[in-house]
1. Out of the residues in the stretch 23-49 meeting the condition of being assigned to a loop (DSSP other than H, G, I, E, B) and closer than 19 Å to Gln69 by Cβ, tell me which one is modelled with the highest pLDDT.
2. Give just the number: which of (1) farther than 24 Å from Trp12 by Cα; (2) in a helix (DSSP H, G or I); (3) touching a residue at least 24 places away in the same chain (Cβ under 8 Å) does Val90 not satisfy?
3. Mind listing whichever residues of the stretch 110-156 are loosely packed, with under 10 Cβ neighbours inside 10 Å and either touching a residue at least 40 places away in the same chain (Cβ under 8 Å) or not in a helix (DSSP H, G or I) (or both)?
4. List the pairs whose first member sits in the stretch 42-67 and is assigned by TED's automatic domain parsing to the domain that holds Ala79 and among the acidic types (Asp, Glu), whose second member is modelled with pLDDT of 85 or more and surrounded by 14 or more Cβ atoms within 10 Å (Cβ to Cβ), and whose Cβ atoms are under 7 Å apart, counting only residues at least 6 apart or on separate chains?
5. Filter the stretch 50-82 down to residues that are closer than 24 Å to Phe94 by Cβ, polar (S, T, N, Q) and not in a helix (DSSP H, G or I), then give me how many there are.
6. Exactly one of these conditions fails for Ser96: (1) free of Cβ contacts under 8 Å to residues at least 12 places away in the same chain; (2) among the small types (Gly, Ala, Ser); (3) on the phi < 0 side of the Ramachandran plot; (4) surrounded by fewer than 14 Cβ atoms within 10 Å (Cβ to Cβ). Give me its number.
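The values are calculated or read from the model by the stated rules, or taken from the named source; none is laboratory data. Just so you know, these numbers come straight off a predicted model, no measurement behind them. Methodologically, a virtual Cβ is constructed for each residue, glycine included, from the backbone with ideal geometry; neighbour enumeration extends over all protein chains shown.
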Amino acid sequence: MQELQYNNVDRWYDFLITSRYNKRLYNNKRKRLEKFVMVYNDLVQYVSLLDHHNNMFAFRNNLSDAMKQHPHNKTMAFAIKMYGYGARIVTKNFISYPMDIVIPLDSRLRKIYTEQYSDTNSTDHEIVTYYQQLAKTNNIAPLHLDSLIWIDYREKYG
């Protein structure tokens, strides 16, 4: 099993700072990449990284434990989202994201919700619950719904 080398942090970081849709909080993201490199070997100690593709919910939980982050935060949701994309490309096998990984609430989702309901007093929990219910009603995993919302948002506001 090949270990990640520290220079991967530089490579990933360079990708982030040159990405068209990733324009904020670079230093925080670099710290997360550095932290991930430190816990990577623990995550793949007994299995290949691709073995997590069939159970991304458990992988998210393991990752959040290793990174010492709440499983519902944006970083964990985004990590699983990117992992799913990468695993799909490598394996050529589409596995839907789990229904029980919540949509990562960000300013874009707040804005959409607020504009749709003219409601600036809703709590984050209420907004997340709305999107979770929308995902459930339409039988689409929240992370897939998030991707679709991104596409629509970019076309309208991008």
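1. Filtering first and then ranking leaves Val44.
2. Single failed check for Val90: (1).
3. Ser118, Thr120, Asn121, Thr123, Asn139
4. These pairs meet every condition: Asp42/Ala66.
5. The qualifying residues number 1.
6. Just one mismatch for Ser96, condition (1).
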